[in-house]
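A quick write-up on the structure given underneath.
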Amino acid sequence: MSRGKFITFEGGEGVGKSTNVAFVESYLQSKAIPVVVTREPGGTKLAEKLRALLLDKKSEAITEEAELLLMFAARSQHLKHVIEPALARGDWVICDRFTDATYAYQGGGRNMKISTIEGLENLIQGNLRPDLTLLLDAPVKVGMERAGKRGAFDRFESETLQFFEDVRRAYLLQAELNPKRITLIKASQPLAEVQQAIITVLSPLLR
Ligand code: TMP
């Protein structure tokens with residue numbers, strides 16, 4: 001049995017990750033590929049509890065260090081209990097956000113040291129990296145308008161426009177530094193074109 005593929009979706013708020021995660025899930029299912037869809041922070045009971053703490057606007061002020069460590073604590077549980085077993089049994093895993101989000105939000109947004117994030121990435125993941133990352137990119141204002149229509153803002157969504165500009169810049173830098181793994185997709189183009197671009201990058205993995 002060959003190992004499954006690990007695909008992650010990334011991008012700022014309101015860029016259409018959920019719609020496109022669902023699209024890839026049904027596309028792979030139509031090719032008879034077993035798929036596990038999951039998200040970060042989250043994906044296990046404990047990791048979902050950590051997610052609720054991280055997104056709670058009413059919590060006491062969370063230090064940048066605590067935020068970073070909670071992200072990786074959730075990731076450790078998720079990898080051990082969900083992602084690694086699924087890949088080992090040959091399932092493909094589609095994950096809504098993964099460690100590129102840490103480089104973007106905690107690195108770009110919060111200005112945490114990249115070398116600290118790299119150290120934690122190596123500690124928690126060993127050699128595991130996604131096989132493919134789809135980075136949906138749109139101007140911050142476009143994304144925030146879409147996110148605003150979904151309901152009340154959580155702790156991250158309540159950040160400033162400058163924070164999200166920094167997040168976007170850090171995501172684009174991740175794409176530049178990892179051109180083989182990360183495909184940049186313009187999220188402001190019509191959905192049909194976004195999905196065509198996704199199929200084009202997925203196809204080589206299916207062979
Ligand atoms: P979302 O998945 O609904 O967009 O919410 C998750 C939030 O958590 C989002 O605002 C980005 C943030 N986040 C980080 O700050 N660092 C991370 O490593 C991950 C996975 C998410």
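The table below lists the values:
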{"read-out": "Surrounding net charge for K186, when Lys and Arg each add one and Asp and Glu each subtract one, Cβ distance under 12 Å", "value": "-2"}
{"read-out": "Percentage relative contact order, the chain, counting C-alpha pairs under 8 Å, at least six apart", "value": "33"}
{"read-out": "Exceeding the 26 Å Cα-Cα cut-off - candidates K49/K186; K80/K186; K31/K180; K80/K149; K5/K113; K80/K141", "value": "K49/K186; K80/K186; K80/K149; K5/K113; K80/K141"}
{"read-out": "Segment 24-85 versus segment 156-188: alpha-carbon centroid distance in Å", "value": "19"}
{"read-out": "Protein accessible area in the chain, 1.4 Å probe - carbon and sulfur %", "value": "54"}
{"read-out": "Leading residue at positive end of dipole, segment 6-206 (Cβ point charges), from I182, S18, I124", "value": "S18"}
{"read-out": "Charge tally in the Cβ shell below 13 Å around E159, where Lys, Arg are +1 and Asp, Glu are -1, E159 excluded", "value": "-3"}
{"read-out": "Accessible area (Å², per residue) of segment 2-104, counting only protein heavy atoms and a probe of 1.4 Å", "value": "43"}
{"read-out": "Unit Cα scatterers, Debye sum, segment 1-124: log10 I(q)/I(0) for q = 0.10 Å⁻¹", "value": "-0.33"}
{"read-out": "Dimensionless Rg ratio for the chain, taking C-alpha atoms and the 2.2 N^0.38 Å reference", "value": "0.98"}
{"read-out": "Relative packing of peptides 107-114, 149-156, 133-140 - highest average C-beta neighbours within 10 Å first", "value": "133-140, 107-114, 149-156"}
{"read-out": "Amide hydrogen neighbours beyond the local backbone of R39, cut-off 5 Å, H modeled", "value": "D96"}
{"read-out": "Solvent-accessible ranking of S30, S188, largest area first, probe 1.4 Å", "value": "S30, S188"}
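The values are calculated or read from the model by the stated rules, or taken from the named source; none is laboratory data. Being a predicted model, the structure only gives us computed values, none of them experimental. No Cβ is skipped: glycine too gets one built from the backbone with ideal geometry, and neighbour counts run over all protein chains shown. For the accessible areas, the whole protein counts, side chains as well, though only heavy atoms, and no ligand, DNA or RNA atoms are used. Shrake-Rupley method; radii C 1.70, N 1.55, O 1.52, S 1.80 Å.
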